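Comments concern the structure below.
No value in this document is a laboratory result; all are computed from the given coordinates. This is a predicted model, so every value here is computed, not measured. Using ideal geometry, Cβ is built from the backbone for each residue, glycine included, and neighbour counts are taken over all protein chains shown.
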Amino acid sequence: MRRGLFLTSAIFFSLAMAACAGQSSVTAAAATPGPPLATRNVSAVAGQQKTCAGPRQKTFDLDVVETAGVELGMGMTFAAWTYNGRIPGPTIEVCQGDTVTLRVRNKGTTSHGLDTHAFKIDARHYGPVAPGSTLTIEKAVDTPGVFMYHCAAGPVTDVHIKSGVHGAMIVYPRDEPLRPAREIVVVEDAVFGSPDAKGFIAGTDPARTARNDQQFSMFNGRLDNEPVTVKPGDLVRMYFVNVGPWTSAAHVIGTVFDRVYAGAPYVQGVQTFPVPAGSGAILEFYIPEAGVFPFVDHDKLAYLPWGLALAFATEGVPGQAH
Ligand SMILES: [Cu+2]
């Protein structure tokens with residue numbers, strides 16, 4: 001069974017290693033952070049400095065694509081509906097004060113739209129629009145943070161969001177420099193359909209979305225995220241969005257959040273931070289010493305066998321890339 005095999009995979013090995021790690025503690029922040037971090041599906045961010053130094057008018061093109069199947073890992077394939085053919089959609093990076101134009105081409109067979117939580121705008125601008133049409137939304141953004149964006153499809157919006165049509169949008173503060181950190185984007189989402197004998201999930205079951213009854217939850221649209229390599233002393237800044245279902249109990253095993261930004265002001269010294277469905281938070285934590293530090297949803301530990309853990313691991317940990 002795939003699940004059985006996965007139990008012996010790197011994540012669980014890493015959890016065991018975390019329990020017996022005995023390295024000396026490192027608490028100082030790295031003076032110069034390493035490069036930004038990435039997962040299998042979500043690439044590294046450009047970051048605050050580069051984004052805020054860019055033009056104050058930023059335009060993004062997104063295509064709504066109803067796929068024949070995207071790979072999730074663990075032998076699973078899901079006929080997802082998506083932005084740009086992927087789950088989650090591309091990370092949108094803008095700076096406070098930018099005027100942002102989103103051009104959404106509906107390449108699907110039914111109506112789709114786009115709602116970004118970063119805009120303050122008449123909700124009717126979010127669509128949906130008919131197949132073959134382009135939805136254009138423009139607004140200046142003035143509230144920094146990490147925001148969810150997702151399909152807006154009228155009364156069937158819930159099914160569309162839970163079919164994969166969602167992503168993260170970062171609005172960097174313009175005048176408050178963020179601390180040097182290793183940055184990463186993590187979107188928690190889920191699949192609401194049953195796999196056949198070949199692991200193919202043909203689509204979303206509306207009865208299951210209505211019950212918030214997921215087959216499994218995922219980080220960044222994958223069941224097979226590999227450990228992310230960090231160094232002792234690194235400050236990690238995670239731009240986290242929870243698509244749902246339910247509230248995510250965001251937690252890193254083996255450390256305490258140093259700061260959490262979910263609006264202003266930030267809070268300090270948090271063991272587990274609640275992020276409701278449809279919201280986001282910027283989670284900052286230090287890698288306290290050599291070892292393994294898995295990011296989890298503490299209320300969905302039942303999905304650990306489905307890979308719902310994103311391990312941050314230092315170099316040299318067995319099973320970890322060097
Ligand atoms: Cu849609």
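How would you classify the chain from its alpha-carbon gyration tensor, with a ≥ b ≥ c the square roots of the eigenvalues: rounded for a/c under 1.5, else prolate if a/b is greater than b/c, otherwise oblate? It comes out oblate by the Cα gyration axes. In this calculation the C-beta distance from TYR266 to GLU315 is compared with R0 = 30 Å, giving a FRET efficiency of 0.50. Taking 0.36 nm per residue of sequence separation and removing the Cα-Cα distance, the ALA53/GLU176 pair yields an extension gain of 42.9 nm.
Listed by chain and number, the aspartates and glutamates placed with their C-alpha closer than 17 angstrom to that of LYS300 are GLU188, ASP189, ASP213, ASP224; residues fewer than eight positions away on the same chain are left out. Fully extending the segment from ASP122 to ALA140, taken as 0.36 nm per residue of separation minus the present Cα-Cα distance, adds 5.2 nm.
The length gained on full extension between ASN212 and LEU301, counted as 0.36 nm times the residue separation minus their Cα-Cα distance, comes to 30.4 nm.
Label segment 60-143 by shape, choosing from rounded, prolate and oblate, from the square roots a ≥ b ≥ c of the eigenvalues of the Cα gyration tensor; if a/c is under 1.5 it is rounded, and otherwise prolate applies when a/b is larger than b/c, oblate when it is not.
Because a/c hits 1.5 or more and a/b fails to exceed b/c, segment 60-143 counts as oblate.
Shown in residue order for segment 74-90 are the 3J(HN,Hα) couplings computed by the Karplus curve 6.51 cos²θ - 1.76 cosθ + 1.60 at θ = phi - 60°: 6, x, 9, 10, 10, 6, 6, 9, 8, 9, 6, x, 9, 10, x, x, x Hz (x for Gly and Pro).
For a paramagnetic label modelled at 7 Å from the Cα of ARG103 toward its Cβ, which residues of segment 113-136 fall within the zone defined by backbone nitrogen distances under 13 Å? Once the point is set 7 Å along Cα→Cβ of ARG103, 134-136 turn out to lie under 13 Å by backbone N, inside segment 113-136. The relative contact order of the chain, computed from alpha carbon pairs under 8 Å that lie at least 6 residues apart in sequence, is 21 percent. The spacing between segment 192-227 and segment 265-322, judged by their C-alpha centroids, is 21 Å.
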